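One structure is given below, encoded as structure tokens.
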Amino acid sequence: MSADTSIKHVTETTDFRSGNEMAAKAAAQINYHLMGYFPITPSTEIAEYLDEMKANGEHDIVLVPADGEHGSAGICYGASTAGGRVFNATSANGFLYMLEQLPVQSGTRFPMVLNLVTRSVSGPLDIRGDHSDLYYGLNTGWPILLAKDPQAVYDMNLFALRVAEHHDVRLPVIVASDGFFTSHQKRKVKYFTDRKDVQAFVGEKQPVYVDSTDVKNPITIGPYMNDPDYINNKYQQSEAMYNAEEVFLTVAKEFEQLTGREYKLLDEYCMEDAEVALFLINSASGTARDVVDKLRNQGIKAGVVSPNMIRPFPKKAIQESLRKAKVVLVGERADSYGAHGGNISHEIKSALQDCHADTTVLTRIFGVGGKDFYASDAEEFFTLCLKKFNGEEVASFDYHGITPGKEENAPKRLLAPLTKEETTGFINVTQDEASGELKVKMSTMRALTKKAKRIAPGHGACPGCGIFSGLEMFFKGIEGDIVVLYHTGCAMVVTTGYPYSAHKVNFIHNLFQNGSATLSGVVEMFWERVRRGEVEVDENNLTFIMISGDGGMDIGMGPAIGTALRNHKLIILEYDNEGYMNTGSQMSYSTPLGHMTSTSNIGVESVGKAFHHKDTVQIMASTNIPYVFTGTEAFPQDLIKKAAKAQWYAQNVGTVYGKILISCPLNWKAADNQGKSIVEKAVNSCFFPLYEIEKGITKITHNPDEKNKRVPLTEWLEMMGKTKHLLRPESEGALKQFEEEVERRWNVLKAKHESPYL
């Protein structure tokens, strides 16, 4: 890769933008070949901005929505082997989920750029920014550039591609910026007005040394290696990593000549004679500079250091910067648990020891979980440095910003545990001895209102959210005690804000991709303890239910299928709101064709989602589990009876899967009092048919054709703002394709209903 060194001047536009906007702007101007992505807060906006720009014809990047971050990393790796430029963005647990793939890409030396918008790693769940995800990336073999503000996000994205593709590096590169502090806060920025200047600066993509699609030159990528080949490979990779430092400096010098913006390995502020200093990564360093000015006015020689590159570790620059200081406090937004300090602290100590510097290094873990860093915090850091400088005893390692617990603030039980009497005696399920058919006898709907709710009032869902009315309707059909596990998603987030919980039953949370596997472990442990006589059960034994939704049956599909194939005694219930609603209405595989989301925008080049929705019901039915069903709150008796059957099968036979369609007024752009009507129209238009598959036999439980309830698909679509564009003349082709697919699936379902062998 070589830049166009003939450019001497560029025109820049001054604007007011966030870090995520600037990452997307840089990617669009570079015009990468491909981006594989999966939404996760706070990096999701980058893909959203790029999708919006793509819909309006502003770039040519192929945007590939993955089934999870592990899949997105695989998409990116595969694309990078095929000779093009590749881009991605992620955060927190998404970064950890793709972690397995990152050393594969660096070890085989395929360049790309990944924006890591840093965020707390769960658990417990926290979506705000710290560096706990960044620290996991330190040993992946990817050079890591740091962006302390939105301007640096843009600039570093241009640097990153140059570094990645340089013939002495050829490694994938991470650009890390602080979640919410940098990603969402708007600042004054400059960017190249003409994207041709961007492309001239980064240079043309040079012919790659290998291309997985070049059939004239067959190559093997990622072979099995024996000794000594493997260690030689790692040595070459190590040398390439260290080369990245010099390449970065060369690129930065060229950039300074074009723009006047200077980037060194370290941003140093008043370090020429500093006796006490702070070492801070990214956004916190700006706050500390203001405090340095204040201290300097008091005659205190204070300074701040902030790196622009952390991999390779700028050892020599750090030695030169810090060796004159008497006390340095390293503030870290993540801990290396049990190591008496974070990762960066130990690397700085090692660097200073190597040059025999007479410098004391203190460590304070701060800002974990996105806790703000104010000038007063920087003042406290400098106070600690001064105390140590003056000979006082100061702990070398501690946390900053923690608060002592008070007994009166301890979480208190606000909800009394449910009794058997409150949840049993409303539903009776019997099995016919001759036919084996289940018969469900249920109380009247009026009588069922007396059945205790499993979820208390007081959760924080949006007005009109259909999750809890749908779940509670399902729970009406479940007798006795339950244990529930929720994937990450709206239902989990709005009901469990510490120290409170809206759940009256035992509740477990695990991440999107692993809920069903986690609950299967709970189930098997419970029954093994029963077998050993450690737990007693009665005739109304526990029912185990996993609640999935907000796209959880995309990233969690693999473990769900594994759970079904093992046939654990549990229920997997998916509330389908047709998107990744908990992260801001991104497209999921359950989003129907043509529907608008924040990553399937409407524009001159796009009319919404480009492919059909995934039929999770039929996928799960193909695993041969005993019972599969669909339902909605609009048909309460139907859903309650199916819930009762689901419980019987989960207690007596094995895994059950159910899918309920629920409304999301905020992201469907619909009236918040129309949820029940909207899902009813979805059923009667045959988009969401009501049926069950019991021991492999399909039965339609509500046939709109036979009941003269059938309505055109357009009657359902016109009720939601996200689909009204499909009714316009220019969307005629997409609407026709959608209608034909709905009709095809309905006819397939009717054929299965008519034949026990389909």
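Every number in this text was worked out from the coordinates using simple rules, so none of it is lab data. Note that the structure is a prediction, hence the values are computed from the model and not measured. Glycine gets a Cβ as well: all are built from the backbone with ideal geometry, and neighbour counts include every protein chain shown.
Laid out as a table, the results:
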| item | result |
| --- | --- |
| Whole-Hz ³J(HN,Hα) from phi, Karplus 6.51 cos²θ - 1.76 cosθ + 1.60, for segment 346-356, glycine and proline x | 5, 5, 5, 4, 5, 5, 6, 5, 4, 9, 6 |
| Candidate aspartates and glutamates for bridging to Lys205, where Cα separation is under 14 Å - those fewer than 8 sequence places away on the same chain excluded | Asp4, Glu165 |
| Mean separation of Cα contacts under 8 Å, 6 or more apart, over the residue count of segment 15-171: relative contact order % | 25 |
| J(HN,Hα) series, segment 30-35, from Karplus relation 6.51 cos²θ - 1.76 cosθ + 1.60, nearest Hz, glycine and proline x | 5, 6, 3, 6, 8, 10 |
| Spherically averaged projected area of the chain from its Cα convex hull (nm²) | 39.1 |
| Fewest-first sequence of Lys614, Lys681 by Cβ atoms within 10 Å of each Cβ | Lys614, Lys681 |
| Length-normalised contact order for the chain - Cα pairs under 8 Å, 6+ apart - percent | 10 |
| Nonlocal amide H pairs with Ser600, under 5 Å, H built at 1.01 Å | Met587 |
| Positive minus negative residues near His9 (Lys, Arg vs Asp, Glu; Cβ under 12 Å) | -2 |
| Cβ-Cβ FRET estimate between Phe16 and Glu256, R0 fixed at 35 Å, reported to 0.05 | 0.90 |
| Debye equation applied to the C-alpha atoms of segment 444-754, log10 I(q)/I(0) at 0.09 Å⁻¹ | -0.43 |
| For Leu146, distant residues with modelled amide H under 5 Å away | Ala176, Met309, Ile310 |
| Estimated 222 nm signal from helices in the chain, with DSSP H stretches of n ≥ 4 weighted -39500 (n - 2.57), rounded to 500 | -11000 deg cm²/dmol |
| Förster radius 56 Å - calculated FRET efficiency between Glu536 and Glu741, Cβ distance, rounded to 0.05 | 0.65 |
| Cα gyration tensor shape of segment 108-235, rounded if a/c is under 1.5, else prolate or oblate by comparing a/b with b/c | oblate |
| Modelled label reach - Phe611, point 7 Å along Cα→Cβ, segment 576-590 residues with backbone N closer than 14 Å | 587-590 |
| Relative exposure of Tyr263, Tyr242, judged by other C-beta atoms within 10 Å (fewest first) | Tyr242, Tyr263 |
| Percent of Cα pairs exceeding the 19 Å cut-off, where the set is segment 183-296 | 72 |
| Projected area, mean over directions - segment 1-157, Cα convex hull, nm² | 9.9 |
| Per DSSP, loop trypsin sites (Lys or Arg not before Pro) in segment 685-734 with at most 12 further Cβ within 10 Å | Lys707 |
| Tensor-based shape of segment 266-399 (alpha-carbon gyration tensor, a/c under 1.5 rounded, otherwise prolate or oblate) | rounded |
| Degrees between helix 284-297 axis and first principal axis of the chain (Cα, 0 to 90, nearest 10) | 40 |
| Candidate lysines - alpha carbon under 20 Å from Lys676, same-chain residues fewer than 8 apart omitted | Lys453, Lys476, Lys641, Lys642, Lys659, Lys707, Lys709, Lys722, Lys724 |
| Residues with amide H under 5 Å from that of Ser122, placed H, sequence gap 5 or more | Asn93 |
| Separation between Cα centres of segment 362-405 and segment 17-88, rounded to whole Å | 38 |
| Virtual spin-label span in nm between Arg446 and Glu730, 7 Å along Cα→Cβ | 5.5 |
| Sites Arg529 and His340, calculated FRET efficiency, Cβ-Cβ separation with R0 35 Å, nearest 0.05 | 0.35 |
| DSSP-defined antiparallel bridges as percent of all bridges, segment 266-399, nearest 5 | 20 |
| Neighbour-count order for Tyr575, Tyr37, fewest beta carbons within 10 angstrom listed first | Tyr575, Tyr37 |
| Separation of the Tyr230 and Tyr498 label points, Cα + 7 Å toward Cβ, nm | 3.9 |
| Pair Gln431, Thr220: separation of 7 Å Cα→Cβ label points (nm) | 5.4 |
| Relative contact order %, segment 444-754, counting alpha carbon pairs below 8 Å whose residues are six or more apart | 17 |
